[in-house]
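Participant: Before anything else, here's the structure in question.
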């Protein structure tokens, strides 16, 4: 019997999706996310009650850093501006850039990486609709750092929900889970597949850590929001992007074994 009959077939090289089609898909998804997320929360009283319940749980566990971080940032004009700029600018700029990088550098893993991002974001939307939760900045004792720094930034401060002048269709009750942290961790997981040096991987790891500190310090999320966002990102990554598609489908068997050949 020819010896090459027992050799496994050469693995097929993954084809990169068409750039134009992928760009349309991602833009449509992000626009849908932003549109749907704006209308997710409407019950302010329930959202505030859930926020207070989260705070009580954190305080019972001795893990409630939001107020201390918020006061620390609010006490410095430049720290407030830096944190608010990070919060406003990077969420919707770094994430699409990393997705484009994955398309270019990780063609064999791209679909899993993209699907993990889509699944994480879609599940977060379910949370926003099912359990709208107010951020710390809507409770007494916390400063809305992003609003306080708006005069020095390019963004406009939003009035509290239900207040005079509050714009319709803007959801400020989407604290649980934190997609700022979820998307930042997803970005870090992608970039770890691209960079190899130790210092570069350390810088990559700092992105979600810094984002977590920013969302806590600006009064936009509770610590449990951060944990939920990170857990959602890690879970969807493990299920959908942890291995290349051909490995998730099982290693190819030698041709002879598939054909039931005898030696």
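The values are calculated or read from the model by the stated rules, or taken from the named source; none is laboratory data. In this text the structure is predicted, and so the values were computed from the model without any measurement. Heads up, the Cβs are rebuilt from the backbone with ideal geometry, glycines too, and the neighbour counts pull from every protein chain shown.
Participant: Please count how many residues of the range 123-148 are assigned to a helix (DSSP H, G or I) and without any contact (Cβ under 8 Å) to a residue 12 or more places away in the chain.
Facilitator: Total satisfying the criteria: 3.
Participant: A follow-up question, please. Give me a count of the residues in the range 6-36 that are over 20 Å from residue 106 (Cβ atoms), at pLDDT below 70 and surrounded by 13 or more Cβ atoms within 10 Å (Cβ to Cβ).
Facilitator: Here the count works out to 2.
Participant: Please verify whether the range 107-115 includes one or more residues that are out of contact with any strand residue (DSSP E or B) (no Cβ under 8 Å at 6 or more places or on another chain), without any contact (Cβ under 8 Å) to a residue 40 or more places away in the chain and part of a helix (DSSP H, G or I).
Facilitator: No: the range 107-115 contains no residue that is out of contact with any strand residue (DSSP E or B) (no Cβ under 8 Å at 6 or more places or on another chain), without any contact (Cβ under 8 Å) to a residue 40 or more places away in the chain and part of a helix (DSSP H, G or I).
Participant: Okay, moving on. Count, please, the residues in the range 66-106 that happen to be surrounded by 15 or more Cβ atoms within 10 Å (Cβ to Cβ) and either touching a strand residue (DSSP E or B) at 6+ places or on another chain (Cβ under 9 Å) or part of a loop (DSSP other than H, G, I, E, B) (or both).
Facilitator: Here the count works out to 3.
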